[in-house]
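Working notes, beginning with the structure itself.
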Amino acid sequence: MSEDLNQKGDYSADNIQVLEGLEAVRKRPAMYIGDVGFKGLHHLVYEVVDNSIDEALAGHCDKITVIINEDNSISVSDNGRGIPTAIHTKEKRSALEVVMTVLHAGGKFDKDTYKVSGGLHGVGVSCVNALSSDLKVTVKREGKVFEQEYKIGKPQYDVRVVGESSETGTEVTFLPDASIFEVKVYNFDTLAARMRELAFLNKGITLILIDHRNKDEKGEYITETYFSKRGLSEFTEYIDRNRESLINDVIYFEGERDGIPVEVSMTYNKSYSENIQAYVNNINTHEGGTHLSGFRRGLTNTLKKYANESGLLSKEKIEIDGDDFREGLTAVLSVKVAEPQFEGQTKTKLGNREVTAPVSQSVYEMLSAYLEEHPNEAKIIVEKVILAARARHAAKKAREMVQRKNVLGGVGLPGKLADCSDKDPASCEIYFVEGDSAGGTAKQGRDRHFQAIMPLRGKILNVEKAMQHKILENEEIKNIYTALGVRIGTEEDSKALNLEKLRYHKVIIMCDADVDGSHIETLILTFLFRYMKELIENGYVYIATPPLYQVKKGAKSEYAWNDDQRDLLVESMKGSGAATSVGVQRYKGLGEMNAEQLWETTMNPEKRTLRQVTIDNAAECDQIFSMLMGDDVPPRRAFIERNAKYAKIDT
Ligand code: 0RA
């Protein structure tokens with residue numbers, strides 16, 4: 001701190017506070033942006049874009065451009081009013097400087113602006129400034145162009161006028177501080193997915209993403225433009241675009257109830273999964289909360305009432321419950337809440353009680369109107385609900401069978417599981433291995449103290465295409481549940497997993513590095529995503545990365561995980577001593593390695609690389625899984641071909 005204060009000597013008490021504020025961010029960046037890895041790095045962009053989104057929601061901006069520059073710095077620009085630059089009376093310096101250097105100062109200047117966006121952590125642009133080795137802001141307003149630059153959040157000069165312009169807007173360019181961030185390279189697809197999502201959630205705004213690091217075949221920078229005219233309706237269609245529709249319409253509502261803006265959109269498809277994406281202030285609330293409860297309540301009440309009054313249910317003896325109304329449902333819910341209370345493990349559960357009723361009323365209004373006007377579709381939906389109820393009863397029986405077997409069978413661990421001897425879940429790992437033969441090698445190669453091995457037969461069931469009771473009757477899937485020690489969801493709380501019983505805190509998928517292997521990997525991941533999402537959300541799921549090549553010369557041998565590594569190894573081995581030639585072996589599967597090789601390259605914690613599975617963007621994940629595992633083959637082939645080159649491991 002002292003070095004900053006001594007430059008001029010004429011600072012006020014306010015300045016000291018400011019510096020402490022930004023230093024706190026640099027000391028504990030994770031507290032402000034989540035982490036200093038991949039997520040945190042991308043979060044910086046979202047934080048800056050959110051400010052522009054706020055300006056757009058206030059009605060003053062309709063275009064936001066993000067550029068990934070060649071040096072992995074980021075430029076975010078908008079055509080809003082421009083951040084005010086006049087001298088802030090209390091602070092005695094430009095308002096722009098205050099916004100850029102005071103924590104949480106962002107929205108305070110404009111009382112009319114209903115500030116509702118603001119990333120998960122909502123810390124503002126000053127936080128990004130603190131975590132950037134260089135940042136430059138340019139503001140066009142009142143006919144002039146203003147600018148100021150900063151290093152790790154410290155202004156390098158007073159706000160100055162550098163030109164004239166008839167336009168208005170704000171542009172921020174920042175370079176994340178390399179001494180803070182462990183990951184320094186931006187991922188285009190990750191930013192693209194967020195910008196696509198923002199375009200759907202905020203219709204009418206054009207969001208453009210440009211990558212100055214890469215050119216396409218025509219020599220132009222890779223560019224994506226996102227714009228949605230119909231907002232959530234279009235979002236719902238996008239999420240469901242690889243599924244077969246049950247009804248042709250997307251049901252849509254937009255309005256304000258008790259001062260809370262509510263936007264809902266829903267449709268039904270022929271699958272068996274429920275997929276509701278719920279947003280608060282543009283943040284995906286994975287853990288749900290009061291708004292989601294409102295949605296469910298509204299849906300259940302409306303459909304129940306309609307089904308009863310229509311007489312469609314009269315022949316049914318089985319009880320219909322909330323879950324039955326949501327099988328095959330895809331919905332997007334978006335509310336804007338002025339002072340959101342976020343709760344839950346990952347702070348993505350809305351706590352504000354006043355939100356439930358407005359959402360439930362909106363859903364009631366939207367859906368009852370639709371059902372009245374579309375009797376044919378209404379009948380199709382109610383029939384689907386009845387089928388779901390029947391299947392649920394069958395599933396309940398199947399589940400009880402599994403549960404009973406587990407209880408009666410004592411410990412009841414699957415016969416194929418080679419368990420580890422340690423018992424503390426925090427230090428234990430389970431490998432799900434493709435095939436019995438690789439499973440055998442892994443059993444020999446492992447450290448039996450903390451590594452358990454469970455071979456999985458060829459292809460496990462595709463959960464995207466099977467009904468729940470079929471899934472729960474499936475032998476491999478039952479084995480996965482019992483090996484992990486978790487209970488299959490109960491009737492009351494069908495989604496909650498009893499994580500406290502989880503026997504391993506690393507669940508590692510180990511498949512061949514070929515097309516079949518990656519298909520099996522996706523099948524397992526799809527199952528975990530649909531039925532054990534908490535495992536992924538808690539960071540317990542990993543993918544093992546076996547090597548692709550062994551490079552040999554005489555008695556010397558090394559491994560390579562990609563073609564570049566292989567070529568380098570071949571070159572360096574060629575150089576060392578003549579005579580014996582260098583041989584390259586391409587591993588086609590795990591089975592081609594012996595136990596020792598498998599341990600050395602893929603299982604030894606000291607040497608292996610595990611890729612942690614995370615849910616970066618829930619709506620995008622859903623769309624990708626439904627595409628990869630659904631009926632529609634062409635998009636799957638295109639996706640796999642497009643991503644094939646990225647399937648290699650970064651080391
Ligand atoms: C407060 C007041 C005014 C503009 C903004 C905030 C503003 C902030 C950001 C951040 C990124 N882009 C932005 N654009 C605008 C202007 C108030 C006025 O002109 O009357």
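The values are calculated or read from the model by the stated rules, or taken from the named source; none is laboratory data. On a predicted model such as this, the values are computed, not experimentally measured, just so you know. Neighbour counts are summed over all protein chains in view; Cβ atoms, including those assigned to glycine, are modelled from backbone coordinates with ideal geometry.
Given (1) touching a residue at least 40 places away in the same chain (Cβ under 8 Å); (2) closer than 23 Å to Ser132 by Cα; (3) near the ligand (Cβ under 9 Å from one of its atoms); (4) surrounded by fewer than 22 Cβ atoms within 10 Å (Cβ to Cβ), identify the lone condition not met by Ala58.
(2)
Out of all the residues in segment 274-291, is one or more in a helix (DSSP H, G or I) and surrounded by 21 or more Cβ atoms within 10 Å (Cβ to Cβ)?
Within segment 274-291 (the criterion being in a helix (DSSP H, G or I) and surrounded by 21 or more Cβ atoms within 10 Å (Cβ to Cβ)), the answer is yes, since at least one residue qualifies.
Which numbered condition in (1) surrounded by fewer than 17 Cβ atoms within 10 Å (Cβ to Cβ); (2) in a helix (DSSP H, G or I); (3) within 16 Å of the ligand (Cβ to nearest atom) is the only one that Ala30 fails?
All conditions are met except number (3).
Out of the residues in segment 61-85 meeting the condition of being surrounded by fewer than 23 Cβ atoms within 10 Å (Cβ to Cβ) and of a type in the set (Gly, Ala, Ser), tell me which one is nearest to the ligand (Cβ to nearest atom).
Ser77
Identify, from the list Thr545, Thr522, the residue that is over 18 Å from the mean Cα position of the chain (by Cα), among the polar types (S, T, N, Q) and under 25 Å from Leu502 (Cβ atoms).
Exactly one residue qualifies, and that residue is Thr545.
Only one of (1) closer than 22 Å to Ala452 by Cα; (2) at pLDDT below 90 is not met by Val433, so which one is it?
(2)
What is the residue count in segment 591-628 for residues that are part of a helix (DSSP H, G or I) and either closer than 30 Å to Gly37 by Cα or under 15 Å from the mean Cα position of the chain (by Cα) (or both)?
17
Take the conditions away from the ligand (no atom under 11 Å from the Cβ) and more than 22 Å from Thr190 (Cβ to Cβ) and apply them to His88. Does it pass?
So His88 passes the test.
Just to verify a result, which residue in segment 158-216, among those that are in contact with an Asp or Glu (Cβ under 7 Å, 6 or more places away or on another chain), within 16 Å of the ligand (Cβ to nearest atom) and of a type in the set (Ser, Thr, Tyr), is farthest from Arg141 (Cα to Cα)?
The qualifying residue farthest from Arg141 (Cα to Cα) is Thr206.
Among the residues of segment 103-115, are any at pLDDT 95 or above, within 16 Å of the ligand (Cβ to nearest atom), buried (at least 20 other Cβ atoms within 10 Å of the Cβ) and not in a loop (DSSP other than H, G, I, E, B)?
no
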